[in-house]
Amino acid sequence: MPLLNILKITASALILASSSSIHAAEKFRVCADPLNPPYSSKKQDGFENKIATLFAKKLNQELEYYWFPQRIGFVRNTLKSKIDENSDQFKCDVIMGVPAGFDFTATTNSYYQSTYVLLIAKGRGWDNITIPEQLRSLPLAKQASLKIAMFDRGPGTAWLQNSGLLDQGVPYQTMTGDNENNTAMLMEQALQKGDIDMVILWGPMAGHIISRNPTAYKSLPMKSSLNMKFDYGMAMGVRYPDKQRKNQLNQLIKENQAEINAILKSYHVPLLDIEK
């Protein structure tokens with residue numbers, strides 16, 4: 001073989017090896033809330049943590065987190081924020097859970113579809129409720145005793161209003177501003193104390209409460225209608241120009257859907273067929 005060809009082959013091999021090393025050294029950099037069960041925590045025991053770990057392993061990359069409370073301004077302060085004013089590097093590259101079609105990021109295909117549920121504490125006189133609509137036709141005296149959590153936003157409050165049950169609502173804020181408890185944690189505490197007997201809650205959050213005491217609650221799915229939607233697809237968020245990463249994540253979702261579903265089910269997340 002001519003020496004020139006040998007040198008070309010050697011040079012190509014070195015370039016490929018170098019490229020492979022760079023790829024292996026890349027990090028799977030995730031933006032996440034440090035205290036947001038069942039999604040994420042610094043202990044990395046949330047289901048979004050587990051899925052991030054799965055993807056990093058599949059990519060042969062190191063998993064790295066940038067932690068920031070998931071409040072108003074979360075995307076601006078994480079995914080769209082650079083490490084410093086002199087750097088081109090952003091603080092993180094992926095948000096593991098955003099609504100499909102979310103305006104503030106480009107979104108992948110949905111990797112799960114869930115629904116709001118009516119979560120009822122057992123043993124408080126409501127065990128005979130088998131569908132949420134029964135609450136609308138309760139005797140007035142029974143209806144007056146109802147204590148159901150009501151949030152400042154979300155379809156649950158709209159459903160209570162349409163059902164004539166707004167006066168029975170106990171108000172809570174969707175974004176708590178609490179550094180020690182997220183909404184799921186606060187709802188669990190309120191249910192345990194008897195401040196409320198039930199709540200219309202997003203499925204993954206309800207699943208977290210159920211996982212803490214599986215026999216203490218009844219969970220009834222809320223069904224969407226033409227006028228009110230309760231089920232939503234959840235995707236992953238990336239920066240709009242980052243098409244390569246979006247395509248990569250879509251491929252990972254497609255190839256690992258069974259494992260993703262197994263993780264979600266282990267967290268008692270109610271799963272529906274993903275809308276295409």
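The values are calculated or read from the model by the stated rules, or taken from the named source; none is laboratory data. Just so it is clear, the structure is predicted and the values come from calculations on it, not from any experiment. Positions of Cβ are generated from backbone atoms using ideal geometry, with glycine treated the same way; all protein chains shown enter the neighbour counts.
For the structure I just gave you, tell me whether residue 119 is in the same structural domain as residue 187 (by TED's automatic domain parsing) and buried (at least 22 other Cβ atoms within 10 Å of the Cβ). Taking the combined requirement at face value, the residue satisfies it.
Residues checked against (1) closer than 22 Å to residue 184 by Cα; (2) aromatic (Phe, Trp, Tyr); (3) under 18 Å from the mean Cα position of the chain (by Cα):
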{"position": "44", "(1), (2), (3)": "yes, no, yes"}
{"position": "47", "(1), (2), (3)": "yes, yes, yes"}
{"position": "51", "(1), (2), (3)": "yes, no, yes"}
{"position": "57", "(1), (2), (3)": "no, no, no"}
{"position": "68", "(1), (2), (3)": "yes, yes, yes"}
{"position": "71", "(1), (2), (3)": "yes, no, yes"}
{"position": "74", "(1), (2), (3)": "yes, yes, yes"}
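Residues of region 193-222 that are touching a strand residue (DSSP E or B) at 6+ places or on another chain (Cβ under 8 Å) and either of a type in the set (Asp, Glu) or without any contact (Cβ under 8 Å) to a residue 12 or more places away in the chain (or both): 195, 197.
Selection of region 236-265 for residues being in contact (Cβ under 8 Å) with a residue 40 or more places away in the chain and either within 30 Å of residue 191 (Cα to Cα) or outside the structural domain of residue 76 (by TED's automatic domain parsing) (or both) yields 260, 261, 263, 264. Residue-level check: of (1) under 18 Å from residue 159 (Cα atoms); (2) assigned to a loop (DSSP other than H, G, I, E, B); (3) touching a helix residue (DSSP H, G or I) at 6+ places or on another chain (Cβ under 8 Å), residue 130 misses just (3).
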